[in-house]
Amino acid sequence: MTGSSARVAILISGSGSNMEALADSMGAGHPGRPVLVLSNRPEAGGLAKAEARGIRTAVIDHRPFLGDRASFEAALSERLEAAAPDVVCLAGFMRVLTPGFIDAWAGKMLNIHPSLLPKFCGLDTHARALAAGETAHGCTVHEVTAELDGGPILGQARLAIREEETAESLAARVLPLEHRLYPAVLRRFIEGERAPLMLDEAVEG
Ligand code: GRF
């Protein structure tokens, strides 16, 4: 960490709502500050949101590298290293990273996943939770390891699944939980706290 604050890089692929929540949480008195928002997609809506906050942005478009994951990750790593982050937050970043890339950032990289891991690794988590008849669902922040959506759990936020819930309504209810959980876990992580933070939404009905 340089000076009094941890340098935080955030990787996005889309709207960047989790990036916004993280960036907005790092105000005065916070032990971290956002130093880079990096996207694999030039059209990611989160880039403009980061620029509006005065956060440096960069794009490493994955499409020219299609089929050559190693070269894409080499370019990604080079740009990331230039920002010298103490913490790397994956926030809606939709590229699968190889163990080689992940090892280079071991112990510094976090991800948020929209399920109560270890349940429902991978995609379409809300629909799968409904199909499985789950009564509770939520999101998880974990350290990124070579195992997809694996790694030590640093926090979870949980809610009760309601009657007549759809995948869309569930996603809409989980996303605000993500925006509460990720900033809280990031602060703890920077402060050296590794015990999982468990948040429960007391939901009526
Ligand atoms: C969120 O549901 C998050 O759980 C997943 O990507 C989705 C979009 O995130 N990782 P964002 O709005 O781009 O932060």
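The values are calculated or read from the model by the stated rules, or taken from the named source; none is laboratory data. If you're wondering where the values come from, they're calculated on a predicted model, not measured in any experiment. Positions of Cβ are generated from backbone atoms using ideal geometry, with glycine treated the same way; all protein chains shown enter the neighbour counts.
Observations on the model:
- Here the condition is being more than 23 Å from Phe189 (Cα to Cα), in contact with a strand residue (DSSP E or B) (Cβ under 8 Å, 6 or more places away or on another chain) and within 15 Å of the ligand (Cβ to nearest atom); of Ala44, Ala91, it holds for Ala44 alone.
- Qualifying residue in segment 178-188 (condition: assigned to a loop (DSSP other than H, G, I, E, B) and out of contact with any strand residue (DSSP E or B) (no Cβ under 7 Å at 6 or more places or on another chain)): no
- All positions within segment 81-106 that are at pLDDT below 95, assigned to a loop (DSSP other than H, G, I, E, B) and either of a type outside the set (A, V, I, L, M, F, W, C) or more than 17 Å from Ile12 (Cβ to Cβ) (or both): Arg95, Thr98, Ala106
- Exactly one residue among Leu199, Leu154 is at pLDDT 95 or above, more than 13 Å from the ligand (Cβ to nearest atom), surrounded by fewer than 19 Cβ atoms within 10 Å (Cβ to Cβ) and in a strand (DSSP E or B), and that residue is Leu199.
- Of all residues in segment 41-74, those being aromatic (Phe, Trp, Tyr) and at pLDDT below 95 number 1.
- Conditions (1) more than 24 Å from Val59 (Cβ to Cβ); (2) in contact (Cβ under 8 Å) with a residue 24 or more places away in the chain; (3) not hydrophobic (A, V, I, L, M, F, W, C): number failed by Gly133: (2)
- Qualifying residue in segment 29-38 (condition: small (Gly, Ala, Ser) and either in the same structural domain as Phe189 (by TED's automatic domain parsing) or crowded, with 21+ Cβ neighbours inside 10 Å (or both)): yes
- The lone exception for Asp86 - which of (1) more than 16 Å from the ligand (Cβ to nearest atom); (2) without any contact (Cβ under 8 Å) to a residue 40 or more places away in the chain it fails: (2)
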